[in-house]
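For reference, the structure discussed in these notes is given below.
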Amino acid sequence: MKRTKWIALAAVCALVGGLRAQRGDQKDAPGTVQAPPPDWLTIPPAPPLRPAEELASFRVEAGLVVELVASEPLIEDPVAAVFDAEARLWVVEMRGFMPDADGTNEGEPNGRIVVLVDRDGDGAMDERTVFADGLALPRGVLPLGEGRALVVAPPTIWLMADRDGDGRADERLDLGLEYPNGFSDPEHAANTPLVGPDGWIHLARFDRRLRLAGTRVTSEPVAMGGQWGHAFDDEGRLVHNGNSDYLRGHPAAPHYAVRHPFLASPAFANQQYDRDQELWPARVTPGVNRGYQSGTLRADGRLARFTAACAPFVYRGDWLTAFVGNAFVCEPSAHLVRRAVLEPAGASRRGRVAEKGAEFLTSSDERFRPVNLTDGPDGALYVVDLYRGLIQHRNYLTTYLRRQVDERGLAAPTHRGRIWRVRPAAGPRRPPVVVAGRSAEELVALVAHDNGHVRDHAQRALIAAGERRVAPALRELVARAPRAAVRSQALWTLAGLGTLDRATLAVARRDLDPAPRCVAVAQHDARVAGGDVLAIAALSGMAETETDARVAMQIALTLGAAPRGNAAQRRAVHDALLALLARHGGDAALRDAVISGLAGEEPVFAARLLDDARAQALGSAGDACLRRLAQCVARSRDAAAITALLERALATSPRERGDALLRGLAEGLPGKGSKRIPFAVVPPAVAVLRQAENAVRREVGERLAESIEIPAESGSGTPELTPGERERLARGAAGYALHCAACHQPGGQGLEGLAPPLLGSEWVLGDPDVLARIVLRGLTGPIEVAGRRYELPLMPDHAKLGDEEIAEILSHVRRAWDHEASLVSPSAVAAQRQATASRTQPFTAAELRAR
């Protein structure tokens, strides 16, 4: 898209956005009571403070100090920052974000990417260069070296380059990677590009990973994760979150999670690491969007739970040594930064707040808005402070918050912002480690540095320069470096240089620490996918003895890519997967890792699992694996595979194991209102099940009968749509893309930890009145969809939308994705709006089921 065209698009979005804002924060549900804070609650004034005054408002963990790095006018409206190999700080300025409470002209292309330099070495930035301007709502930058940078700015992702050395980008290449909602919904659009240790570039809120070769980009699908910000740890695992779910992550690389088309929400991707969302601000926080709802604020007026969690960051530096491996999370609505401890939990992880009842960094200044974190070349932790009174986007601004913004003057001023450094109070400030300009030998030494930021840049510099001659020194690090993180980094560097040989892999597979072992196993992916007999044999041997669940999961993921053409080789792979299940089958992430590589082979593997003596001892864990295999078969809509699994289930003894297969089939079958599965004839097993004495089996039989279609007997099927109905569905599809797809995904598959699937959901295909109530009043708490329980933080209400627009969106989801349910009329939505007009809290699933 040419620059003039996207600037014009931004202007249109700004105009439309202004109109939507004036509707969105005024048109609350009729009868909804959004009471102001109680009169007895003393709300301190929140005047804009100078940087030195704001600094005095901070309280940080003992032994640490906060220092100012940059502030206005050197920077304005910072939302992200990252250091490059020259120790320069690249800052994203989202100057158009919410210039007032109506979001007037928000899409104006006034955003910038600026580069800050500390010329006098005093630790504070003092020089600024505008690398790129004229950007509408920019959301991320990734410096690539040699004057190039990847810039995320709607409507696409750009590769920008400074060719004449003046510090300004004079080339802008649209990489053709457009993403939805960049203008219309900044909270839910792609952001934060990061280079992983394997060279792939990942973005939060984006469903592809990228690799650049010059100006050419390739991409692959991945499981989406995160809302705003994400980070890698020393083992190359991504941590992310959602605004009401502060700590989540991918236990395994997210590209594995999308390779099986029918494995829904695999347990090795997008997992919740801490269920406890309680937090402890330093001041009263009445200015949160849903402060009027019961339970949002404590009795003392402080926010009780996360509501705007963002920008998780795993500390990998060498200055805050006690915090290595800890996760830090921003909560701008509560004016704080959380520190959480990450611990192993089988193949996954769990997190917990470092100190119950306390937070890492808090402020009594209501305008302190930490929105991002980064590491630095000195080993410190850096905090990006948007510094403003209003951060809630217009799309979700409630009347309750709008009233406070207006009465307390929180919308102005804008165009401020600060960046803070957190470091130990003892000792002098450290100089930054500059990686750029080093010799190959110096770069190898920096690959062994204690600061992960330095290691990363040294690795990239060696790979970019193609320094294959340093391979012997890197192999020495793999074998003898004292830190596991350094041994892993050396493996990734060798792989990036194309010099990772079998002997070095063999050494790494025997590493006493599971982290380098896991990295080594993942480096076999290409070999295994190519049918390398030695690689498959080596990993199969590991499968028999591996004691660490994380490494076992990676073995399963890597072996799953073995080619299908060689039957003997696939059987050997199945043997190895069975061995992994025998030892680690109680781990849900491991089970799903095994299944992820079995697309189309589920009936064969289920038979092996039923017959394998070791697997039979797994008990309920084995049943859980059978159930997941059967779900995949049902979702495949493969009549022959479903019939084969039915017959095996009825022939299985003990009966409970057969019932596990039957339950899985029932859970994966299309629900009422979905397109049924065509069968040539009804399998005899269906009649057997419908007449069974066991209630579970009879229920499964009924579900099967409802889901099967014999084409010759099916008649005319769903009535033909009228032209007017087709127009309504088209508008509904557009409305869904605007309001719903960011969470529930364009294909309706949902997003783990944030939004349950709509595809095949009984809630979507069932009573349309219940569906209308959910959209009008919101939903909170646990909900079960297709036999699986989802913990839902909060789905906000969309009562601001009109009855016609809601009806169109609901009609779309009831007819998309092979659904065949009835359309929803505006009058039906209006009736539910009136029936629930007095409701002030979101529904729970239990309430709706009892209706």
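The values are calculated or read from the model by the stated rules, or taken from the named source; none is laboratory data. Keep in mind it's a predicted model, so treat the numbers as computed, not measured. Glycine also receives a Cβ, built like all others from the backbone with ideal geometry; neighbour counts cover every protein chain displayed. Ligands, DNA and RNA are stripped out before the accessible areas are found, and what is left, the full protein with its side chains, is counted by its heavy atoms. Shrake-Rupley method; radii C 1.70, N 1.55, O 1.52, S 1.80 Å.
Per-residue Karplus couplings for the range 756-772, computed as 6.51 cos²θ - 1.76 cosθ + 1.60 with θ equal to phi - 60°, are listed in order as x, x, 9, 4, x, 6, 5, 6, 6, 8, x, 5, x, 5, 5, 4, 5 Hz, Gly and Pro entered as x.
Placing +1 at every Lys and Arg Cβ and -1 at every Asp and Glu Cβ, with all other atoms neutral, what dipole size does the range 693-811 have around its Cα centre, in debye to the nearest 20?
Numbers: 11 positive and 20 negative charges, 76 e Å.
Roughly 360 debye for the range 693-811.
Between the C-alpha center of the range 101-150 and that of the range 243-259 there is a gap of 29 Å. Computed over protein heavy atoms with a 1.4 angstrom probe, the accessible surface ordering of ASP174, ASP611, largest first, is ASP611, ASP174. Ordering GLY111, HIS188, ALA161 by Cα displacement along the dipole of the range 87-191 toward the positive end leaves ALA161 in first place; charges were set at the Cβ atoms of Lys, Arg (+1) and Asp, Glu (-1). Extension gain for ALA639-SER294 works out to 119.2 nm (0.36 nm per residue, less the C-alpha to C-alpha distance).
Less than 5 angstrom separates the built amide H of VAL65 from those of ARG423, ALA425, all sequence-distant by 5 or more or on a different chain. Taking only protein heavy atoms and a 1.4 Å probe, the accessible area of the range 588-667 is 51% carbon and sulfur.
Here the range 201-356 has 47 percent of its accessible surface on carbon and sulfur atoms, given a 1.4 Å probe and all protein chains in place. The slack in the chain from ARG614 to ARG429, taken as 0.36 nm per residue of separation less the alpha-carbon distance, amounts to 60.8 nm. Under 5 Å from the amide H of LEU144 lie the amide H atoms of ALA149, LEU150, each residue being 5 or more positions distant or on a separate chain, with H modelled from the backbone and absent for Pro and chain starts. For the range 264-291 versus the range 414-439, the inter-centroid distance based on Cα atoms is 29 Å. The residues of the chain have, on average, 37 Å² of accessible surface per residue, using a 1.4 Å probe with all protein chains present.
Residue by residue, the range 489-500 carries 3J(HN,Hα) couplings of 5, 5, 4, 4, 5, 4, 4, x, 7, x, 10, 8 Hz when phi is fed to the Karplus relation 6.51 cos²θ - 1.76 cosθ + 1.60 (θ = phi - 60°); x denotes Gly or Pro. In straight-distance terms, cross-link reach from LYS672 covers every one of the aspartates and glutamates whose alpha-carbon lies under 15 Å from its own, apart from those fewer than eight places away in the same chain; here that gives GLU699, GLU702, GLU706, GLU709, GLU762, ASP767, ASP818, GLU820.
Using only the alpha carbons of the range 776-851, what is the convex hull's orientation-averaged projected area in square nanometres? List each step's numbers first, then the result.
Values: hull surface 22.8 nm².
The directionally averaged projection comes out at 5.7 nm².
The phi torsions of the range 296-304, fed into the Karplus equation with coefficients 6.51, -1.76 and 1.60 and a -60° offset, translate into couplings of 5, 10, 6, 4, 8, x, 9, 4, 8 Hz, rounded to whole numbers, with Gly and Pro shown as x. Which value in deg cm²/dmol, rounded to the nearest 500, describes the helix-derived mean residue ellipticity at 222 nm for the chain, given -39,500 (n - 2.57) per DSSP H run of n ≥ 4 and division by the residue count? Rounded to the nearest 500, the figure is -10500 deg cm²/dmol.
With only Lys, Arg, Asp and Glu charged, each at its Cβ (+1 for the first two, -1 for the last two), find how big the charge dipole of the range 37-160 is about the Cα centre; round to the nearest 20 debye. Please list the in-between numbers first.
Numbers: 9 positive and 22 negative charges, 67 e Å.
The dipole of the range 37-160 has a size of about 320 debye.
Given R0 = 51 Å, the distance between the Cβ atoms of GLU442 and ASP174 translates into a calculated FRET efficiency of 0.85. Would you mind telling me the share, in percent, of accessible area of the range 77-123 contributed by carbon and sulfur at probe 1.4 angstrom? Exposed carbon and sulfur together represent 39 percent of the surface.
Please pull out the direction-averaged projected area of the range 677-796, using the convex hull of its alpha-carbon atoms, in nm² to one decimal place. If you can, show how the numbers build up before the last one.
On the way: hull surface 39.9 nm².
Answer in nm², one decimal: 10.0.
Measuring r between the beta carbons of ASP100 and LYS675 and using R0 = 45 Å, the FRET efficiency lands at 0.40.
Efficiency by 1/(1 + (r/R0)^6): what FRET value for GLN834 and GLU720, r their Cβ-Cβ distance, R0 = 25 Å, to the nearest 0.05? The calculated FRET efficiency here is 0.15. Annotation: amide H of ALA80 within the under-5 Å range of VAL92, sequence separation 5 or more or interchain, hydrogens built in the peptide plane. The distance from the alpha carbon centre of the range 745-766 to that of the range 504-565 is 34 Å, rounded to a whole number. Placing +1 on the Cβ of every Lys and Arg and -1 on the Cβ of every Asp and Glu, with nothing else charged, gives the chain a dipole about its Cα centre of roughly 1040 debye.
Fully extended, how many nm does the chain gain between ASP120 and GLU706 (0.36 nm per residue separation, minus their Cα-Cα distance)? Can you show the working numbers first?
Values: separation 586, 0.36 × 586 = 210.96 nm, distance 7.49 nm.
Going from the current span to full extension adds 203.5 nm.
Ignoring aspartates and glutamates fewer than eight residues from LYS800 along the same chain, the ones with Cα atoms less than 12 angstrom from its Cα are ASP25, ASP28. When the Cα positions of GLY673, THR722, ALA644 are compared along the charge dipole of the range 641-726, ALA644 comes out farthest toward the positive end, with charges on each C-beta of Lys, Arg, Asp and Glu. In this structure MET542 has an accessible area near 20 Å², from a 1.4 Å probe over the protein heavy atoms.
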